[in-house]
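The structure under discussion appears below in the form of structure tokens.
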Amino acid sequence: MQLQDDEVSAVLNFRSFRDQLEKSLQNLGSIYQKQLTVTNPAGGLDTLELTFENTTVTICEVAQIQKKKNLIVLQFVAFPEAIKPAIKAIETSGMPLSIQQEGTTVYLYLSKMTREQREEMAKAAKEHFNNCKNQLLKLQRKSANEIQTHKQDFSSDLCFSATQMVKFEVEQTIAKADGMMKAKQKELLAE
């Protein structure tokens, strides 16, 4: 039984569901574009997130950033305790940067992209895809549970079909994310 959007909306906030699917793809695309790139490997540094004082913040919120040709200087004068979480976030981001710390200053050196760095970035692309996929599957479970709460008020056929439609849309979104990941890996590993 094929349902119309308004029928599904009786048992699920379908617009919000679709918005969350789209947002997941946009977030993945943004990470791929800003953090995992060969042409400007440190382009997404400003928006790189880290956990600091039990809050998620971006590096530009806790450090002053100066960019030069092959060097990025991060000044943590106002938040020196954010240095360790920032370095950890940079290291796990997959960006090909050499890190050196002197006091409250962190120097990030851009080097010529090596094959190992490209492979690490491709591996990071897979990890970001897996995170996106897990978020989408969690959304699918949450939406299916929401639909099940309406079982007494609506027909079981409607609830079943709505659950199937949610599953189908999540699978389609995962397939798109997988395509994005494979394209990014191909771009990163091409020399």
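Elements of the type helices (runs of 4 or more DSSP H) sitting completely within the stretch 1-112 and holding at least 3 residues that are surrounded by 14 or more Cβ atoms within 10 Å (Cβ to Cβ) and among the hydrophobic types (A, V, I, L, M, F, W, C): these cover 14-34, 83-93. Would you confirm whether any residue within the stretch 11-32 is more than 24 Å from residue 130 (Cα to Cα), of a type in the set (A, V, I, L, M) and assigned by TED's automatic domain parsing to the domain that holds residue 162? Yes - at least one qualifying residue is present in the stretch 11-32. Looking at the stretch 123-152, which of the residues that are without any contact (Cβ under 8 Å) to a residue 40 or more places away in the chain and assigned to a loop (DSSP other than H, G, I, E, B) is farthest from residue 31 (Cα to Cα)? My answer is 152. Checking 152, 135, 148, 164 one by one, the residue that is modelled with pLDDT under 90 and not assigned by TED's automatic domain parsing to the domain that holds residue 49 is 152 and no other.
Is there a residue in the stretch 90-109 that is in contact (Cβ under 8 Å) with a residue 40 or more places away in the chain, of a type in the set (A, V, I, L, M) and over 24 Å from residue 183 (Cα atoms)? Steps first, answer last, please.
As a first pass, look at the stretch 90-109 and keep what is in contact (Cβ under 8 Å) with a residue 40 or more places away in the chain: 90, 93-97, 106, 108.
Still in the running and of a type in the set (A, V, I, L, M): 90, 95, 97, 106, 108.
The next check asks that each one be over 24 Å from residue 183 (Cα atoms); those that pass are 106, 108.
Yes, that holds for at least one residue.
The values are calculated or read from the model by the stated rules, or taken from the named source; none is laboratory data. Note that this is a predicted model, so its numbers are computed, not measured. Here the Cβ is made from the backbone with ideal geometry for all residues, glycine too, and neighbour counts use every protein chain on show.
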